[in-house]
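Trainee: Structure in structure tokens, see below.
The values are calculated or read from the model by the stated rules, or taken from the named source; none is laboratory data. Just so it is clear, the model here is predicted, and its values are computed rather than measured. Reconstructed Cβ throughout: ideal geometry from the backbone, glycine too, with neighbour counts over all protein chains shown. Note: accessible area is taken over every heavy atom of the protein model, side chains too, but ligands, DNA and RNA are not part of it. Shrake-Rupley method; radii C 1.70, N 1.55, O 1.52, S 1.80 Å.
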Amino acid sequence: MFCRIAARQTPADIEYEDEAVLAFKDIYPKAPVHLLIIPKRHIESLARLEPGDAELVGRCVLVARELGERAGYAERGYRLSCNCGPEGGQVVYHLHFHFTAGRR
């Protein structure tokens with residue numbers, strides 16, 4: 001599903017995009033601000049990362065920082081989380097980070 005969003009085959013409310021990363025609003029938000037940050041290149045999960053993916057994952061984290069600043073949560077705080085595998089709560093098997101803010 002996220003590959004289709006990255007390829008613009010499925011619509012999404014996009015908040016950020018660069019050559020490697022895309023961030024869009026979660027359709028089932030768990031907080032007042034709930035964005036999903038994904039690498040455009042398909043990586044199934046954290047468990048499938050390879051050493052060469054370190055820069056891409058770091059880019060996702062830096063995008064989270066930028067989104068926090070843009071939304072006014074840089075000082076107040078926000079959460080960045082990533083589920084891995086079925087017991088870790090992963091539902092969509094495309095690496096993604098949940099950026100949530102606006103409540104504890």
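Trainee: Could you list, in sequence order, all residues of the range 88-104 that are open to solvent by 50 Å² or more (accessible area, probe 1.4 Å) and either of a type in the set (Val, Ile, Thr) or modelled with pLDDT of 95 or more (or both)?
Mentor: 91, 93 - these are the residues of the range 88-104 that are open to solvent by 50 Å² or more (accessible area, probe 1.4 Å) and either of a type in the set (Val, Ile, Thr) or modelled with pLDDT of 95 or more (or both).
Trainee: Still on this structure, please answer the following. Could you check the range 54-104 and list, in sequence order, the residues that are aromatic (Phe, Trp, Tyr) and out of contact with any helix residue (DSSP H, G or I) (no Cβ under 6 Å at 6 or more places or on another chain)?
Mentor: Within the range 54-104, 73, 93 qualify.
Trainee: Could I ask something else about it? Can you run down the residue pairs with Cβ atoms below 6 Å, 6 or more apart or on separate chains, where the first is in the range 88-100 and in contact (Cβ under 8 Å) with a residue 60 or more places away in the chain and closer than 24 Å to residue 70 by Cβ and the partner is of a type in the set (Ser, Thr, Tyr) and open to solvent by 10 Å² or more (accessible area, probe 1.4 Å)?
Mentor: 98/81
Trainee: Quick one: what pairs do we get from the range 51-62, first residue touching a residue at least 40 places away in the same chain (Cβ under 8 Å), second surrounded by fewer than 10 Cβ atoms within 10 Å (Cβ to Cβ) and part of a helix (DSSP H, G or I), C-beta under 7 Å, 6+ apart or different chains?
Mentor: Correct list of pairs: empty, since none qualify.
Trainee: Ok, one more. Looking only at the range 72-104, count every residue that is hydrophobic (A, V, I, L, M, F, W, C) and either under 11 Å from residue 36 (Cα atoms) or part of a helix (DSSP H, G or I) (or both) and tell me the total.
Mentor: 5
Trainee: Something else now. Within the range 18-45, track down each residue that is surrounded by 17 or more Cβ atoms within 10 Å (Cβ to Cβ) and either β-branched (Val, Ile, Thr) or assigned to a helix (DSSP H, G or I) (or both).
Mentor: Residues satisfying the conditions are 21, 33, 37, 38, 43.
Trainee: Let me ask something else. Within the range 53-71, is there a residue that is farther than 20 Å from residue 26 by Cα, in a loop (DSSP other than H, G, I, E, B) and open to solvent by 50 Å² or more (accessible area, probe 1.4 Å)?
Mentor: no
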